[in-house]
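Report on the following structure.
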Amino acid sequence: MKELIDRYLRAADTYGKATVEGNHKAANAAHETLSFIWEQLRALGPEAIRDLLPLLVDPHEWVRCWAAAHLLQFSPADAEPVLETLAAAKGLAAMDARIILANWRRS
């Protein structure tokens, strides 16, 4: 499981760096990796999904953003405050966090 979470963390970090740099090909590839790992975690069940919780305090904002977005439906009490903090900042991760929260609150 640790290897899967490590891959998730690296992909989220890569996504953020590629987004900031305007490298859409690298960002899209990282997004595909994140989606694939997310599906694997979901298939493994709640215990595997809970392994994302420590990423909510990762020093990289994009890692926190991705983990919080995926954890919203499973642990909103943990994920929502992370997204709110990110959304209050400036930058692309903040914009993503605001969009994720808006969509979450509409659903």
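Values quoted throughout were computed directly from the atomic coordinates according to the rules given, and no laboratory measurement underlies them. Everything numeric here is computed off the predicted structure, so don't read it as measured data. Note that each Cβ is placed from the backbone with ideal geometry, even for glycine, and that neighbours are counted across all protein chains shown.
Panel order for MET1, MET95, by other beta carbons found within 10 Å of each beta carbon, from fewest to most: MET1, MET95. With unit charges on the beta carbons (Lys and Arg positive, Asp and Glu negative) and the dipole taken about the Cα centre of region 2-106, which residue among ILE100, GLN40, GLY16 sits farthest to the positive side? Checking the options against the dipole of region 2-106, the answer is ILE100. Shown for SER75, SER35, SER107: other C-beta atoms within 10 Å of each C-beta, ranked fewest to most, produce the order SER107, SER35, SER75. Converting phi to 3J(HN,Hα) with the Karplus coefficients 6.51, -1.76 and 1.60 and the offset θ = phi - 60°, region 98-104 yields 5, 5, 4, 5, 4, 5, 4 Hz in sequence order, with x at every glycine or proline. Coupling constants for region 65-82 follow from the phi torsions by the Karplus curve (6.51 cos²θ - 1.76 cosθ + 1.60, θ = phi - 60°), and in residue order they are 4, 4, 4, 5, 4, 6, 8, 3, 6, 9, 8, x, 5, 8, 7, 4, x, 5 Hz; glycine and proline get x. Spatial offset of region 8-60 relative to region 65-89 amounts to 14 Å, using the alpha carbon center of each. By the compact-protein rule of thumb, 2.2 N^0.38 Å, the alpha-carbon radius of gyration of the chain corresponds to a ratio of 0.99.
For GLU32, GLU80, the sequence from fewest to most other C-beta atoms within 10 Å is GLU32, GLU80.
Cross-link partners for LYS17 among the lysines, with Cα-Cα distance under 17 Å and sequence neighbours closer than 8 places in the same chain left out: LYS25, LYS90. What is the chain's relative contact order, in percent, from Cα pairs under 8 angstrom and six or more apart in sequence? Result for the chain is 20 percent. The amide H of SER75, built 1.01 Å from its N in the peptide plane, has no neighbour under 5 Å, considering only residues 5 or more places off or on other chains. Here the chain is treated with +1 on each Lys and Arg Cβ and -1 on each Asp and Glu Cβ, and its dipole about the Cα centre works out to around 260 debye.
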